[in-house]
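These notes are about the structure you will find just below.
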Amino acid sequence: MGNWVVNHGLSTFIVVVWMGINIFLFVYFFLLYDSSDRFLYTRHLLGSALSWARAPAAVLNFNCMLILLPVCRNLLSLIRGSFMCCGRSLRKQLDKNLTFHKLVAYMIALMTAVHTIAHLLNVEWLNNSRHGVYDELSTTLSELGDEQNTSYLNPIRSTTTTPTMFVFTSIAGLTGVVITLALVLIVTSSMEVIRRNYFEVFWYTHHLFIVFFAGLVFHGAGRIVRGQVTTDPPHNTSYCKDIPDEWGQDPSCPIPQFAGGFPQTWMFVIGPMVIYLFERLLRFIRYIQKVTYRKIVIRPSKVLELQLVKNGFKMEVGQYIFINCPAISPLEWHPFTLTSAPEEDFFSVHIRSAGDWTQKLITMAEQLPEGSQGPTMGVDGPFGTASEDVFDYEVSMLVGAGIGVTPFASILKSVWYKFKDSNPKLRTRKIYFYWLCRETHSFEWFADLLQGLEKEMEERGMGNFLTYKLYLTGWDQSHAAHVMVHFDEDTDVITGLKQKTHYGRPNWDKEFEEVRKDNPTSVVGTFLCGPEALAKTLEKKCVKYSNVDPRKTKFYFNKENF
């Protein structure tokens with residue numbers, strides 16, 4: 001339990017607080033509409049569906065206020081910079097922004113479903129009351145507003161209006177339909193299979209959030225849920241509800257007056273909408289800033305390396321940027337981790353073919369005349385990630401899978417420069433690096449960097465500073481035979497490095513046990529850029545091998561999230 005608290009305590013506390021606020025809002029407003037005298041007549045027409053409609057609305061207001069904030073990348077980078085003086089656990093929460101964004105979205109989807117179903121029932125019961133299907137009180141309440149000096153309670157004002165007509169002709173009904181359709185499209189297109197295989201579908205439908213928020217702002221303007229207002233003399237509901245035929249005649253029972261509640265949703269969402277508007281404005285300013293190419297290289301395994309230059313661009317290790325290529329799509333922006341070091345006078349990315357957009361970009365680069373500039377690029381960023389904190393740990397474990405090695409290229413390059421310049425601020429005293437690849441060609445573009453680091457460490461007598469292990473997870477019989485022939489050579493047959501390539505997958509229990517044994521009193525940062533399945537495995541190992549004794553080894557798990 002103590003190990004779990006080390007890695008998950010603060011995250012769980014934040015989620016519990018968020019869930020607690022949701023539960024409080026739901027229960028508070030449910031009881032308010034279920035017991036308040038102001039809504040006694042409204043409840044008579046609608047029953048418990050009134051509370052089931054209004055309680056989710058309160059929860060929706062709260063979560064719609066939150067949904068945009070986790071995707072304000074510049075805001076998160078600003079907060080991350082402000083928290084550099086704070087604990088790493090607090091900064092780690094910012095790396096879970098997309099997880100929280102999804103959590104809030106699930107709550108919005110659930111509450112929208114409850115809110116919609118309840119209001120569909122409400123419309124049916126309001127229509128029946130208007131047609132006199134129920135008791136005398138329901139009929140009398142529905143007819144209020146037909147004469148002068150009275151205000152209505154039932155928003156269906158004509159017996160010829162059908163529920164469908166009301167939904168598509170009222171402000172609340174029409175905006176509700178638009179909001180719900182937009183939400184359904186956003187949620188369904190956000191599924192993992194859609195995002196991975198049809199990113200363009202996800203990208204374009206996600207921008208229906210503009211329609212969603214526009215409808216949300218105007219949704220409450222119709223004020224269809226109405227409550228009783230105070231009159232002089234007051235209308236005694238407990239007495240008058242049984243004698244509706246004497247309303248206006250009995251002094252204790254003046255005709256009740258009703259009014260809709262003031263729209264509140266816009267007050268919840270206006271702040272985040274303004275913040276997001278400034279976010280998009282800043283992105284546009286960055287987009288129009290000129291980006292030039294320093295070098296374009298096609299690496300093995302269809303990996304495209306772009307070395308770019310942009311005035312005023314400053315980065316830290318492990319950060320990422322968003323790239324837009326108008327020649328492919330003027331609207332699509334895709335995230336790529338920076339592979340250059342802050343000490344270099346350019347910034348670079350390595351792009352693997354993983355979809356239509358990346359394939360088109362690689363094809364365009366392949367067709368360029370040698371030495372020419374590539375297509376016009378827009379660059380937004382850089383933005384912070386978990387890897388920024390790598391030098392805050394005494395010991396770091398870096399785990400990359402496939403092209404997921406890119407943030408660690410930046411880190412290892414920066415380490416090389418820090419050693420070269422004898423940087424006294426380098427706190428890290430040990431790095432363990434693991435790279436898992438399915439094919440041998442993937443190792444080629446990164447091997448040069450590792451060879452340089454090997455040489456630099458040996459010259460400085462710090463051969464133990466970097467321990468790296470490369471794992472090949474896929475091979476054929478001919479490759480195995482070739483390796484056997486060259487088994488006794490000093491360097492690896494694939495990479496040319498002194499460290500031989502391992503075949504298969506790491507035994508993570510063995511690796512973590514070894515790290516703990518070699519660093520019995522250290523705080524170890526475990527960083528991953530790779531698939532979710534591997535993330536779950538490493539997260540469990542960090543919990544398993546951490547010790548709650550502050551004098552002993554603790555592992556903190558960090559994962560790249562885009």
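The values are calculated or read from the model by the stated rules, or taken from the named source; none is laboratory data. Bear in mind the structure is a predicted one, so any value in this text is a computation, not a measurement. Note that each Cβ is placed from the backbone with ideal geometry, even for glycine, and that neighbours are counted across all protein chains shown. Surface accessibility is based on the protein's heavy atoms, side chains included, excluding ligands, DNA and RNA. Shrake-Rupley method; radii C 1.70, N 1.55, O 1.52, S 1.80 Å.
Within segment 388-406, being within 15 Å of F555 (Cα to Cα) and either polar (S, T, N, Q) or open to solvent by 10 Å² or more (accessible area, probe 1.4 Å) (or both) holds for F391, D392, E394, S396. If I ask for residues that are touching a helix residue (DSSP H, G or I) at 6+ places or on another chain (Cβ under 8 Å) and either over 30 Å from Y320 (Cα atoms) or free of Cβ contacts under 8 Å to residues at least 40 places away in the same chain (or both), which ones from segment 507-544 would you list? Passing the criteria: W508, D509, E513, R516, T537, K541, K544.
The C-beta contact set for segment 329-344 (first residue within 30 Å of Y417 (Cβ to Cβ), second residue open to solvent by 40 Å² or more (accessible area, probe 1.4 Å) and in a loop (DSSP other than H, G, I, E, B), distance under 7 angstrom, 6+ apart or interchain) comprises P335/F562; P342/E316.
In segment 272-303, what residues are part of a strand (DSSP E or B) and touching a His at 6+ places or on another chain (Cβ under 8 Å)? R299, V303, listed by residue number. Taking residues in segment 358-372 that are in contact (Cβ under 8 Å) with a residue 12 or more places away in the chain and open to solvent by less than 50 Å² (accessible area, probe 1.4 Å), and partners anywhere that are assigned to a loop (DSSP other than H, G, I, E, B) and among the polar types (S, T, N, Q), the pairs with Cβ atoms closer than 8 Å and at least 6 places apart or on different chains are I362/S353. Considering segment 158-216, the qualifying helices (runs of 4 or more DSSP H), each wholly inside and each with 3 or more residues that are surrounded by 15 or more Cβ atoms within 10 Å (Cβ to Cβ), run over 163-169, 171-188, 199-206. Return the residues of segment 110-125 that are small (G, A, S) and buried (at least 16 other Cβ atoms within 10 Å of the Cβ); say none if nothing qualifies. Of everything in segment 110-125, just one residue is small (G, A, S) and buried (at least 16 other Cβ atoms within 10 Å of the Cβ), namely A118. Just one residue in the set A182, A214, A118, A109 is without any contact (Cβ under 8 Å) to a residue 12 or more places away in the chain and not basic (K, R); that residue is A214. Of the listed requirements (1) modelled with pLDDT of 90 or more; (2) open to solvent by 50 Å² or more (accessible area, probe 1.4 Å); (3) among the aromatic types (F, W, Y), W18 misses just one: (2). Entry remark, segment 284-328: residues being over 24 Å from N74 (Cβ atoms), without any contact (Cβ under 8 Å) to a residue 60 or more places away in the chain and open to solvent by less than 20 Å² (accessible area, probe 1.4 Å) number 1 in total. Check segment 494-515 and report whether any residue there is of a type in the set (D, E), open to solvent by less than 40 Å² (accessible area, probe 1.4 Å) and modelled with pLDDT under 85. The answer is no; no qualifying residue exists. Counting just the residues of segment 250-272 that are of a type outside the set (S, T, Y) and touching a helix residue (DSSP H, G or I) at 6+ places or on another chain (Cβ under 6 Å), which one comes out surrounded by the fewest Cβ atoms within 10 Å (Cβ to Cβ)? Among residues in segment 250-272 that are of a type outside the set (S, T, Y) and touching a helix residue (DSSP H, G or I) at 6+ places or on another chain (Cβ under 6 Å), the one surrounded by the fewest Cβ atoms within 10 Å (Cβ to Cβ) is P263.
Every residue, every condition in (1) among the polar types (S, T, N, Q); (2) farther than 30 Å from L50 by Cβ, yes or no:
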{"site": "P256", "(1), (2)": "no, no"}
{"site": "V291", "(1), (2)": "no, yes"}
{"site": "L304", "(1), (2)": "no, yes"}
{"site": "V309", "(1), (2)": "no, yes"}
{"site": "M315", "(1), (2)": "no, yes"}
{"site": "S348", "(1), (2)": "yes, yes"}
